[in-house]
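Novice: Sharing a structure here in structure tokens format.
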Amino acid sequence: MRLIHSTNFELHEFIGSQIPQYAILSHTWGEEEISFQELQRNVPEVKEKKGFDKIRQCCRVAAEDGFEYAWVDTCCIDKTSSAELSEAINPMFRWYQRAEVCYAFLADVPSDEDPQKEGSAFRKSRWFTRGWTLQELIAPAHVTFPGKGRKRLCGFRRKLSKIHRTRASSRGGTITKIYASSTSIIVGF
């Protein structure tokens, strides 16, 4: 498993019991995503691309939460290797499950958003309509939704006794109905 160091953005490879605690990123792909090769080259232009901002934010939050490493699919998997790509798909649920925390970045939600507000951008986020994000929501024991700044929109932990429920999204589609019925989201911290 390849992980990014949360302060210097270097890639490190770990095997089996050597895998340290790590945070993991859930997101929807956008413009200028950073590949494994680009991050490995570590050239200044990479840090100017839009996709690097997600990596930077994920690593910043991970470091603030005390994690030395993070995993981001765009750059921790060498997608030019068809063997590595196909080998990475099978254990992905387990990688999310083993993560100490999953940071779900919602690129289309402002950081001052009230997730409980009816019709909010949070409830309409593209993240809730993607099939891949379902496993990224249900596999980890702790999911948090960091805002674009330092504020966290909300999060949830499984096995909590007191929870506030909110519908994930009213935008239709099977995935959003599964999210809404299978999750409990704690709003605020």
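The values are calculated or read from the model by the stated rules, or taken from the named source; none is laboratory data. As the structure is a computational prediction, the values presented were derived from the model and not from experiment. Every residue, glycine among them, receives a Cβ derived from its backbone with ideal geometry; neighbour counts consider all protein chains shown.
Novice: Condition test on Phe67, is it more than 20 Å from Gln21 (Cα to Cα) and of a type outside the set (Asp, Glu)? It would help to see each step written out before you state the result.
Specialist: Numbers: more than 20 Å from Gln21 (Cα to Cα): no; of a type outside the set (Asp, Glu): yes.
So Phe67 does not fit the description; no.
Novice: Determine the pairs where a residue that is more than 20 Å from Ala99 (Cα to Cα), located within segment 121-147, has a partner that is part of a loop (DSSP other than H, G, I, E, B) and β-branched (Val, Ile, Thr) with Cβ atoms under 7 Å apart, the partner being 6 or more residues away or on another chain.
Specialist: Ala121/Val109; Phe122/Val109; Ser125/Val109; Arg126/Thr28; Arg130/Thr28
Novice: Which ones in segment 121-132 are surrounded by 21 or more Cβ atoms within 10 Å (Cβ to Cβ) and either touching a strand residue (DSSP E or B) at 6+ places or on another chain (Cβ under 8 Å) or within 28 Å of Tyr69 (Cα to Cα) (or both)? Reasoning before the result, please.
Specialist: At the first step, the residues of segment 121-132 found to be surrounded by 21 or more Cβ atoms within 10 Å (Cβ to Cβ) are 122-123, 125, 127-128.
Phe122, Ser125, Trp127, Phe128 - these are the residues of segment 121-132 that are surrounded by 21 or more Cβ atoms within 10 Å (Cβ to Cβ) and either touching a strand residue (DSSP E or B) at 6+ places or on another chain (Cβ under 8 Å) or within 28 Å of Tyr69 (Cα to Cα) (or both).
Novice: Does Gly51 count as in a loop (DSSP other than H, G, I, E, B) and of a type in the set (Gly, Ala, Ser)? Working first, answer last.
Specialist: Numbers: in a loop (DSSP other than H, G, I, E, B): no; of a type in the set (Gly, Ala, Ser): yes.
The answer is no for Gly51.
Novice: Does Glu32 satisfy the condition of being surrounded by 15 or more Cβ atoms within 10 Å (Cβ to Cβ), modelled with pLDDT under 95 and among the acidic types (Asp, Glu)? Steps first, please.
Specialist: Values: surrounded by 15 or more Cβ atoms within 10 Å (Cβ to Cβ): no; modelled with pLDDT under 95: yes; among the acidic types (Asp, Glu): yes.
Spelling it out, it is not the case that Glu32 is surrounded by 15 or more Cβ atoms within 10 Å (Cβ to Cβ), modelled with pLDDT under 95 and among the acidic types (Asp, Glu).
Novice: I'd like to verify a number: residues in segment 32-64 that are over 17 Å from Thr7 (Cα atoms) and among the polar types (S, T, N, Q), how many?
Specialist: So the answer is 2.
For (1) surrounded by fewer than 17 Cβ atoms within 10 Å (Cβ to Cβ); (2) modelled with pLDDT of 85 or more; (3) in contact with a Pro (Cβ under 9 Å, 6 or more places away or on another chain), each residue gets a yes or a no:
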{"position": "Ala70", "(1), (2), (3)": "no, yes, no"}
{"position": "Cys76", "(1), (2), (3)": "no, yes, no"}
{"position": "Glu84", "(1), (2), (3)": "yes, no, no"}
{"position": "Trp95", "(1), (2), (3)": "no, yes, no"}
{"position": "Phe105", "(1), (2), (3)": "no, yes, yes"}
{"position": "Gly119", "(1), (2), (3)": "yes, no, no"}
{"position": "Leu137", "(1), (2), (3)": "no, yes, no"}
{"position": "Pro140", "(1), (2), (3)": "no, yes, no"}
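Novice: From Arg2, Arg60, grab the single residue that is within 22 Å of Leu137 (Cα to Cα), surrounded by 15 or more Cβ atoms within 10 Å (Cβ to Cβ), in contact with an Asp or Glu (Cβ under 6 Å, 6 or more places away or on another chain) and not polar (S, T, N, Q). Give the derivation first.
Specialist: Values: Arg60 fails: in contact with an Asp or Glu (Cβ under 6 Å, 6 or more places away or on another chain).
So the residue among Arg2, Arg60 that is within 22 Å of Leu137 (Cα to Cα), surrounded by 15 or more Cβ atoms within 10 Å (Cβ to Cβ), in contact with an Asp or Glu (Cβ under 6 Å, 6 or more places away or on another chain) and not polar (S, T, N, Q) is Arg2.
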